[in-house]
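Single-structure report; data block below.
The values are calculated or read from the model by the stated rules, or taken from the named source; none is laboratory data. The structure displayed is predicted, hence computed values, not measured ones. Positions of Cβ are backbone-derived with ideal geometry, glycine not excepted, and every protein chain shown enters the neighbour counts.
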Amino acid sequence: MENTTLAHHLLLAGLLFVIGLTGVLVRRNLLVVYMCLELMLTAATLALVAFSRFNQTMDGAVFVFFIITVAAAEVAVGLALIVALFRQQKTVQSNELNTLCD
Amino acid sequence: MPDGLFIFFAALTLGAASLLVLSRNAVTSAMGMILTLVGVAADFFLLDAYFLGVLQVLVYAGAVMVLFLFIIMLLSDSGESSTAYPWKQATLGLAIFFFLAAGVFWLFLWSGALPHTAAGATPPELSANPGEFTTSAKSFGRLLYTKYLLPLQISGFLLLVALVGVVSLSKEPKNEVP
Amino acid sequence: MDPIQSLHWILFLPLVSATCIAFFLRRQGSIAAWLSTATAFSIAGLALNLLLTTDGKIGWHHDLAKLGEISLGFGYLLDANARLMLFVVTFVAAWIHLFSIGYMQEDEARGRFFGGLSIFMFSILGIVLADNLLMTFIFWELVGFSSYMLIAHYFDKDFAAAASKKAFITNRVGDLGFILGIAFCLHHYGTLNFEALASVSTFQGVPIIVGLLLMCGFLGKSAQFPLHVWLTDAMAGPTPVSALIHAATMVAAGVYFMARVSFLLAPEVLQWMAVSGAGMAALAGLCALAQTDIKKSLAYSTLAHLGIMGCALGLGHPELAVLHMAMHAFFKATLFLGAGSVIHGCHHEQDMLKMGGLLKKMPITAATFIAATLSNCAVPFFAGWYSKDAIIEAAWHQHHYAIFTFLALAALATCIYSGRMLRLVFLGQPQSKNAEQAHESPWTMTTPIIILGLGYAIAAGFAADAMIPASSRQVIEKPLQEMAFHLSAPSTWVGIFALTFGLLGSLKFYAIFPGRDSLQVFSPQTYKLLEYRYFDHAYGWYINHIQRRLAEFIAFLDLLVINGLAVRWIAGGFTAAIGQLTSRTFHRGQARGYALWITLGTLLIIWFLLAR
């Protein structure tokens, strides 16, 4: 572990975040978009843990705990929303969900 | 040069994440997501955050992804895979990815904003100082119930609100519009 | 319990009771009634305890907010006046609560009524205890609200709804001046605390404008000229409310407040208060003669007494005003409760001409009503005599002969309308079926009348020393001594003349035509003159012809300039242009498009942060 620096972990977190962001931007399936959003959150937690470890403080790690809690709640509500949406519109493709525009 | 385990898990994580974004089948995407989460959990282990790693696997890879898979099965929507592969989308996505990734590389490796510090001494298993980084779950508990007591309460309340919200959202509407 | 603690209890118990009733007991009327009454009695006990055991000034203050040099806070200031007022309010209110239980027995909305009484108690006690102008104002408005709520108790009746609106709006007019006065005080003295104001104003002098503006609040709340029009209409509320709020406590709060800030009143303001108070006392006393509704007649009587109190303030005797307020609270509450008992007994008949002969049918009510009436007429050794004659005496001694004449006229008018009321209601023969079938009221209604009427209206006179507790003595001793000293003074002659001629004369006069008003028979023009609707007509004319025109003009301006020019043309045109532009680029209905823009915006911010 002596050779792995803070920058390496942050790089991994950043790349994960960028992959997630790209997914959010290009994918049409709302479920996949949602997974990509979760990926971005996870990337953020990774960065927090890295900071926490390299600064020798506990706060970042505790914060990750809260992020996981919030993410779990968010997933539950978000998926319920998607299901409700699907019930009404019969689709989860984001490009077909443009009722407000017409 | 970082050590082997880190390289292995980083590659696994990034590869699985790419699978998540690139696959046209939602179930495959979900599998990629699980693998990514396991990779991140492994990275947590490498960072000596064992408790968080276990939590990540339990909550994310366990509970959340099961929920995802369940919803995917429920909706069983395969609209995307029936059409031709969207090359235009993919190219746009790749362009965005490379642009942003270049930004990340610049920021973390070459801009000099970060010090190239290696990890400090191996963290103690338990420390008398509540703020110090330790490997045990006990120090989480100690901080959660002292410094972060109010956020803890609030997040508990948030979970309750989410629970109620989900119940009310997933109730069958009484007079559904055909 | 230390005094501050019991003050907390006194102030917040009614709030707790009101909250409980509002949230849990709206349907359980009888539980609400007993809860509210128990609260009222316990705070009356606490207040009595405070009155007997404490002395001197007690202060407590807690800063809520500090804005620069100015601190806005919450606090109590319990001095001799406040102690007396506290006792009067809680004691009278407790018995009126008990009376209401009987009176409102058959009402559907008892929960709301008793909740309203509790919130009223909270508000009025806030005014009594407040140690600064802002807190006074807040509770002042709460009192206005609870008065509105209780007048509108029978809100499905048009006249009650209209009366509550009238009371509320008229009070707003006064309160506008009041809050301007507070703002001016803050600007001029830099503090709102009564004690600080008292010390600052003695060496800085007092501008006339402060007194004038603060007086506006008093004019509205205490129904002084020219904002007195609401009080008679406020009788549309249930009778206990009229007794508690519109006779004994709330309208007197204005007098109490003026006494509390008397150091802020310039001589010119005092002059005005004395003259207008005396004038109103005489006018309202005469107007009471032309009312057939027993409650309205009593309302004019209240107006007359408020005028006398205002006059006492104006003459520079705030302690006399507070003393008269205390005495008046007791006998007027008794009169109103007696009237309520009569109305209840006569199956909700309020027309005095249709009553008569109730002396035999309702002996307890009649006895107490007569005692309170004698006190109202200032018969020697009854409660009213101590304070009212002292005020008349004060006017004579300060050589304000015009004021003296007005007050003497008011005293005479008081005797006449009192005699008329006694004659029409209790003597003679019953004039309607309802009066024939009248019955005595239940114990919950008679007990309060006996306690308030016999126990105080009379006893206060005989044993003022015993009844008025030691701590208030310093306020009251002076007028009492003056009274004893000037027993052979002009006020005595005024009193004797008024009593013999007014009371006895009117008893005879109104016996001439049973079932009709003698004055109306003899001189219909005078009667019509005294029916007194001029101010209502004048205000109606003003609102219809001036206010409404102005409002229409402003509405037109609003339509033309704000709505037409600013909103439709400038803002509307701008957004339309932007909308045309952006609907083609940004708003295309694709969630991914929005996400892209958000990403670009975030990147821009990151770039900006890094580039710094």
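Condition check for C:K57 on (1) within 26 Å of the chain's Cα centre (by Cα); (2) at pLDDT below 80; (3) surrounded by 16 or more Cβ atoms within 10 Å (Cβ to Cβ): one failure, at (3). Check A:A61, A:A50 and return the single one that is without any contact (Cβ under 8 Å) to a residue 24 or more places away in the chain, at the interface with another protein chain (Cβ under 7 Å from one of its Cβ atoms) and crowded, with 23+ Cβ neighbours inside 10 Å. That would be A:A61, the only listed residue that is without any contact (Cβ under 8 Å) to a residue 24 or more places away in the chain, at the interface with another protein chain (Cβ under 7 Å from one of its Cβ atoms) and crowded, with 23+ Cβ neighbours inside 10 Å. Applying the set (1) under 19 Å from C:H328 (Cα atoms); (2) buried (at least 24 other Cβ atoms within 10 Å of the Cβ) to C:I403 leaves exactly one unmet item: (1). What about A:A44, is it farther than 20 Å from B:A17 by Cβ and either aliphatic (A, V, I, L, M) or out of contact with any Leu (no Cβ under 7 Å at 6 or more places or on another chain) (or both)? No: the conditions fail for A:A44. The residues listed here are A:G20, A:G14; of these, the one that is at pLDDT 90 or above and surrounded by fewer than 23 Cβ atoms within 10 Å (Cβ to Cβ) is A:G14. Here are the criteria: (1) surrounded by fewer than 22 Cβ atoms within 10 Å (Cβ to Cβ); (2) under 20 Å from A:A73 (Cβ atoms). Tell me which single one A:R28 does not satisfy. Result: A:R28 passes all but (2).
Quick one: which residue in A:L79, A:L85, A:L48, A:L39 is over 20 Å from B:A61 (Cα atoms) and of a type outside the set (D, E, K, R)?
On the way: A:L79 fails: over 20 Å from B:A61 (Cα atoms); A:L48 fails: over 20 Å from B:A61 (Cα atoms); A:L39 fails: over 20 Å from B:A61 (Cα atoms).
Answer to the selection: A:L85.
When the stretch B:1-29 is limited to residues that are part of a loop (DSSP other than H, G, I, E, B) and facing another protein chain (nearest Cβ under 8 Å), the one that is surrounded by the most Cβ atoms within 10 Å (Cβ to Cβ) turns out to be B:P2.
C:R26 fulfils the conditions (1) assigned to a loop (DSSP other than H, G, I, E, B); (2) under 18 Å from C:S123 (Cβ atoms) except for a single criterion, (2).
The test for being touching a Pro at 6+ places or on another chain (Cβ under 9 Å) and either modelled with pLDDT under 85 or part of a helix (DSSP H, G or I) (or both) holds for B:E80.
Let's see how each residue does on (1) more than 7 Å from chain A (Cβ to nearest Cβ); (2) modelled with pLDDT under 85:
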site	(1), (2)
B:S127	yes, yes
B:G131	no, yes
B:A137	yes, yes
B:K147	yes, no
B:Q153	yes, no
B:G156	yes, no
B:A162	no, no
B:V166	no, no
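Within the stretch B:87-125, the set of residues being modelled with pLDDT of 75 or more, over 30 Å from C:G593 (Cα atoms) and surrounded by 14 or more Cβ atoms within 10 Å (Cβ to Cβ) comprises B:L109 only. Whether any residue in the stretch B:54-66 is in a helix (DSSP H, G or I), in contact (Cβ under 8 Å) with a residue 24 or more places away in the chain, touching a helix residue (DSSP H, G or I) at 6+ places or on another chain (Cβ under 6 Å) and under 29 Å from B:K138 (Cβ atoms) is what I want to check. Within the stretch B:54-66 (the criterion being in a helix (DSSP H, G or I), in contact (Cβ under 8 Å) with a residue 24 or more places away in the chain, touching a helix residue (DSSP H, G or I) at 6+ places or on another chain (Cβ under 6 Å) and under 29 Å from B:K138 (Cβ atoms)), the answer is yes, since at least one residue qualifies. Within the stretch C:366-384, is there a residue that is hydroxyl-bearing (S, T, Y), modelled with pLDDT of 75 or more, in a helix (DSSP H, G or I) and surrounded by fewer than 21 Cβ atoms within 10 Å (Cβ to Cβ)? No: the stretch C:366-384 contains no residue that is hydroxyl-bearing (S, T, Y), modelled with pLDDT of 75 or more, in a helix (DSSP H, G or I) and surrounded by fewer than 21 Cβ atoms within 10 Å (Cβ to Cβ). In the stretch A:35-46, the residues that are facing another protein chain (nearest Cβ under 9 Å) and in contact (Cβ under 8 Å) with a residue 24 or more places away in the chain reach residues that are assigned to a helix (DSSP H, G or I) and aromatic (F, W, Y) with C-beta atoms within less than 7 angstrom, at least six apart or across chains, in these pairs: A:A43/A:F17. For the stretch B:48-75, the set of residues classified as more than 9 Å from every other protein chain (Cβ to nearest Cβ) and under 22 Å from A:L30 (Cα atoms) consists of B:A61, B:G62, B:V66, B:L69, B:M73, listed by residue number.
Scanning the stretch A:65-99 for residues that are within 7 Å of another protein chain (Cβ to nearest Cβ) and among the basic types (K, R) yields no hits at all. Among the residues of the stretch A:64-77, those identified as in contact (Cβ under 8 Å) with a residue 12 or more places away in the chain and buried (at least 19 other Cβ atoms within 10 Å of the Cβ) are A:V64, A:I68, A:A71, A:V75.
Step by step: first the residues of the stretch C:150-173, then only those that are surrounded by fewer than 14 Cβ atoms within 10 Å (Cβ to Cβ) and not hydrophobic (A, V, I, L, M, F, W, C), then the one that is nearest to C:G220 (Cα to Cα). Which residue is that? The qualifying residue nearest to C:G220 (Cα to Cα) is C:R172.
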